[in-house]
Amino acid sequence: MKIMKKIIFYIYALFLFIFIVLKFHGSFYEIYDRIKSLKYNRESGIWNCNMVLFKNIKAEMEYVNNFWALKNLMGNVVVFVPLGFLIPFTFPGFSKFYRTFLICEFTILFIEIIQFITMLGFFDVDDIFLNSLGCVTGYAGFKIYCSGHDRN
């Protein structure tokens, strides 16, 4: 069971890297084009970051009836629910909330910084907030799971 937990965790980590960090959706050209576009924006003085909390969330809430806005809001939460669950589930030494939360925050910050530096995406404090909400939700699910199951 311990090996299976780790396999699931590493498959999920690979999923995060491919779909969240790289934002790979089947086309390497799309990645190249995104980097080229963000590089052009930077040269024009437009940086790929948002440092104002709730700026993008507020804008997306105005269009929450549109699929793209709901997808972005919910997607930023849902994708990180497994991280909040799998860290304490896979690594018993991280079963305390603060340890899981710190690992989640380091992971989220790492992803955001990599997206900013490589121009694969945007550094967005709203994403950090929503991703963290997903991790906390996942941790709550872990605690509920533990209340009814033997973890080993």
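The values are calculated or read from the model by the stated rules, or taken from the named source; none is laboratory data. Model, not experiment: these values are computed from the prediction. Glycine gets a Cβ as well: all are built from the backbone with ideal geometry, and neighbour counts include every protein chain shown.
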Quiz item: So I46 fits all but one of (1) surrounded by 12 or more Cβ atoms within 10 Å (Cβ to Cβ); (2) under 21 Å from V125 (Cβ atoms); (3) out of contact with any helix residue (DSSP H, G or I) (no Cβ under 8 Å at 6 or more places or on another chain); (4) of a type in the set (V, I, T); what number is the exception?
Solution: (1)
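Can you go through N41, N66 and tell me which one is modelled with pLDDT under 95 and either over 19 Å from the mean Cα position of the chain (by Cα) or β-branched (V, I, T) (or both)? Steps first, answer last, please.
On the way: N41 fails: modelled with pLDDT under 95.
It is N66.
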Quiz item: Residues in region 78-92: is at least one out of contact with any strand residue (DSSP E or B) (no Cβ under 9 Å at 6 or more places or on another chain), in a helix (DSSP H, G or I), closer than 23 Å to L14 by Cβ and free of Cβ contacts under 8 Å to residues at least 12 places away in the same chain?
Solution: no
Quiz item: Which residue pairs have Cβ atoms under 9 Å apart, sit 6 or more places apart or on different chains, and have a first residue in region 8-31 that is farther than 17 Å from F80 by Cβ and free of Cβ contacts under 8 Å to residues at least 40 places away in the same chain and a second that is of a type in the set (D, E) and in a helix (DSSP H, G or I)?
Solution: F24/E30; S27/D33
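Given the criterion surrounded by fewer than 18 Cβ atoms within 10 Å (Cβ to Cβ) and under 18 Å from F15 (Cβ atoms), identify the matching residue among G134, G75, G121.
Working: G134 fails: surrounded by fewer than 18 Cβ atoms within 10 Å (Cβ to Cβ); G121 fails: surrounded by fewer than 18 Cβ atoms within 10 Å (Cβ to Cβ).
Matching residue, one of G134, G75, G121: G75.
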